[in-house]
Amino acid sequence: MSRMPKRKRGRKMRGALTLVSGLLVLSAVLRLGGDAGQAWARVADTPDPAAAIVAADCTTEDDLHDMLKSFQARKAQIDRQEEEMRDRQQALTVAERQLQSQLAQLEAAEDKLRQTLTMADTAAESDVDKLTKVYESMKPKQAAALFEVMDPDFAAGFLGRMKPDAAAAVMAGLSPQAAHTFSVVLAGRNAGAPRQ
């Protein structure tokens with residue numbers, strides 16, 4: 001017996017294996033194809049579960065009509081709630097605008113008041129400075145006579161603003177009692193101020 005070379009034998013074996021594999025695949029496809037057809041046939045015969053529920057709940061036109069009425073009533077209720085929410089939102093928007101406008105007016109009034117107070121303080125300070133200069137330029141005896149009749153706190157305020165030599169000349173012209181009172185007021189003006 002002659003032996004075939006190994007190469008030829010391997011090719012024949014591979015060819016036979018390929019043929020057997022192909023037949024197996026073809027058999028599987030045919031089986032699946034047949035089963036798939038049966039499965040499609042079964043699905044077509046099975047009723048839709050959702051349709052079954054609707055059919056069970058709504059067997060007559062009256063049932064459908066009642067369900068439609070309830071849906072319409074619910075929709076109307078939701079529409080009313082949405083409208084109320086829009087109205088509230090619009091009212092809030094209007095209130096917010098009014099509040100912002102009032103806040104702007106309040107801030108403008110506050111700025112105007114601050115300016116007025118600053119002007120008043122500046123004017124008052126200017127008036128006191130002018131009056132202090134008037135007292136400084138007066139003869140010390142004439143100024144002392146005016147200071148004698150003034151309220152001690154008021155007079156001490158002017159004396160504290162005057163130049164030291166002018167204040168000393170006015171104090172020299174005061175009665176000892178008035179000079180003492182004014183000195184106590186001047187000394188005690190800053191006694192309560194913090195030291196640090």
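A compact table of results
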read-out	value
Proximal aspartates and glutamates relative to Lys69, as straight alpha-carbon distance under 14 Å, when same-chain residues fewer than 8 apart are discounted	Glu61
Kirkwood-type radius of the stretch 89-160, with distances r between different C-alpha atoms, in Å	16.2
Solvent exposure ordering (accessible area, 1.4 Å, most first) of Val128, Val184	Val184, Val128
Contour excess over end-to-end distance, with Cα ends at Asp151 and Val94 and 0.36 nm allotted per residue	14.8 nm
Whole-Hz ³J(HN,Hα) from phi, Karplus 6.51 cos²θ - 1.76 cosθ + 1.60, for the stretch 174-179, glycine and proline x	7, 5, x, 5, 5, 4
Residue-wise HN-Hα coupling along the stretch 161-167, computed from phi with Karplus coefficients 6.51, -1.76, 1.60 (Hz; x: Gly, Pro)	8, 6, 4, x, 5, 6, 5
Thr18 paired with Thr116, simple spin-label distance in nm, labels 7 Å along Cα-to-beta-carbon	10.9
Extension gain, Ser27 back to Glu125 (0.36 nm per residue minus Cα-Cα distance, nm)	23.7 nm
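The values are calculated or read from the model by the stated rules, or taken from the named source; none is laboratory data. All values reported here derive from a predicted model rather than from experimental measurement. So basically every Cβ, Gly included, is an ideal-geometry build from the backbone, and we count neighbours across all protein chains shown. Surface accessibility is based on the protein's heavy atoms, side chains included, excluding ligands, DNA and RNA. Shrake-Rupley method; radii C 1.70, N 1.55, O 1.52, S 1.80 Å.
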